[in-house]
Amino acid sequence: QASPEQCISLSALFAKYKQEKIRAKAWTSKTGVQAEDNYQLLIGLIGDIQVSQVNQGMAGKVKESLQRFPSNAKKKRAYRGKPLQAILKIAIPPSDLMSIKTINIKLATYSEVFNWAVTHGFSDSNPFKGIQIKDHRNAQDLRLPFTVTELNKLFSAPPIAQPKKPHHYWL
């Protein structure tokens, strides 16, 4: 039997959590917008159900759905304006799928709000705890936008290698 606090909807939980984050100035406006998009995606996947109804099975299905979902679905012409469930039925090309990093950010957002829900008595457990995808890619490769060859070419260019004034090097 769920307590009265646990009978609130996901949208109400997200609103309370967001309100606290904004009041505490813990979020920038960009973070708030991203979190709201993530919450709306979760509600689109499982519905605006009561917090007490969210379980590990649902969290697993959310994870599976995110792995089949395109990145930037609102921006790409092929997916823009289509209902969420219709997009999930489309065979999305691998190049259009969300990255593991993006999926993990969304799952971490859900886990964070459910940790808060447990702390504040809105939930007995966090169904999103520990379900992130293991990313086996080399972390250094993900951070380096340029190869050593590209950097050598860039920094050997005449305006940088032989600047007319010292500040030109830094510009």
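The values are calculated or read from the model by the stated rules, or taken from the named source; none is laboratory data. Since this is a predicted model, take the numbers as computed values, not measurements. Note: ideal-geometry Cβ built from the backbone for every residue, glycine included; neighbour counts use all protein chains shown. Please note that ligands, DNA and RNA were not included when accessible areas were found on the heavy atoms of the full protein model with its side chains. Shrake-Rupley method; radii C 1.70, N 1.55, O 1.52, S 1.80 Å.
Values as computed for the structure displayed
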quantity	calculated
Filter pass, T28 being of a type in the set (S, T, N, Q) and open to solvent by less than 40 Å² (accessible area, probe 1.4 Å)	no
Total residues in segment 45-91, condition more than 28 Å from G121 (Cβ to Cβ), open to solvent by 60 Å² or more (accessible area, probe 1.4 Å), in a loop (DSSP other than H, G, I, E, B) and at pLDDT 90 or above	1
Boolean, L41 is closer than 17 Å to S125 by Cα and either in contact (Cβ under 8 Å) with a residue 60 or more places away in the chain or loosely packed, with under 14 Cβ neighbours inside 10 Å (or both)	no
Residue within segment 139-146 that is modelled with pLDDT of 85 or more and open to solvent by less than 70 Å² (accessible area, probe 1.4 Å) present	no
Boolean, P93 is within 18 Å of the chain's Cα centre (by Cα) and either at negative phi or hydrophobic (A, V, I, L, M, F, W, C) (or both)	no
Selection count, segment 7-25, where residues are within 19 Å of P83 (Cβ to Cβ) and either open to solvent by 30 Å² or more (accessible area, probe 1.4 Å) or within 15 Å of the chain's Cα centre (by Cα) (or both)	1
Near pairs, Cβ below 6 angstrom, 6+ apart or cross-chain, from segment 114-126 (closer than 14 Å to K18 by Cα and open to solvent by 20 Å² or more (accessible area, probe 1.4 Å)) to any residue that is polar (S, T, N, Q) and part of a loop (DSSP other than H, G, I, E, B)	N115/N126
